[in-house]
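The values are calculated or read from the model by the stated rules, or taken from the named source; none is laboratory data. This structure is a prediction, so every number in the text was calculated from the model and none was measured. Heads up, the Cβs are rebuilt from the backbone with ideal geometry, glycines too, and the neighbour counts pull from every protein chain shown. Surface accessibility is based on the protein's heavy atoms, side chains included, excluding ligands, DNA and RNA. Shrake-Rupley method; radii C 1.70, N 1.55, O 1.52, S 1.80 Å.
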Amino acid sequence: SRPAALPGTRKAVEQIGALYGARPLVGAAATEPAIRREIGQAEVVHLATHGYLNPYRAMSSGLLLTAPPSPAADPQGDSSGDGALMAWEIQNQL
């Protein structure tokens, strides 16, 4: 199940975007592939989302983004579009 929406985040993100002259990715647009495309050109990155902690494998902790419409297991283990941006992905891929 989805976590509850974070109150006030859309307004805050839109205000921060206006401050930096950026177009924020909100709601359904805030997918993992979209974040991956945009993050390389960004000088400042602000993410307002839920996170999760893996107490046994810290690098498997991460951020929850908009989930894909039909999550399917990738046979090659590619997790670049699963809707969760994990710490190891941020460190090694972004």
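Just checking, does segment 67-77 include any residue being touching a helix residue (DSSP H, G or I) at 6+ places or on another chain (Cβ under 9 Å) and either modelled with pLDDT of 90 or more or of a type outside the set (Gly, Ala, Ser) (or both)?
yes
Mind listing just one residue for me: the one in segment 33-72 that is in a helix (DSSP H, G or I) and under 25 Å from Gly17 (Cβ atoms) and, of those, most open to solvent (accessible area, probe 1.4 Å)?
Arg37
Filter segment 1-32 down to residues that are among the hydroxyl-bearing types (Ser, Thr, Tyr) and open to solvent by less than 70 Å² (accessible area, probe 1.4 Å) and give me whichever is farthest from the chain's Cα centre (by Cα).
Out of the qualifying residues, it is Thr9.
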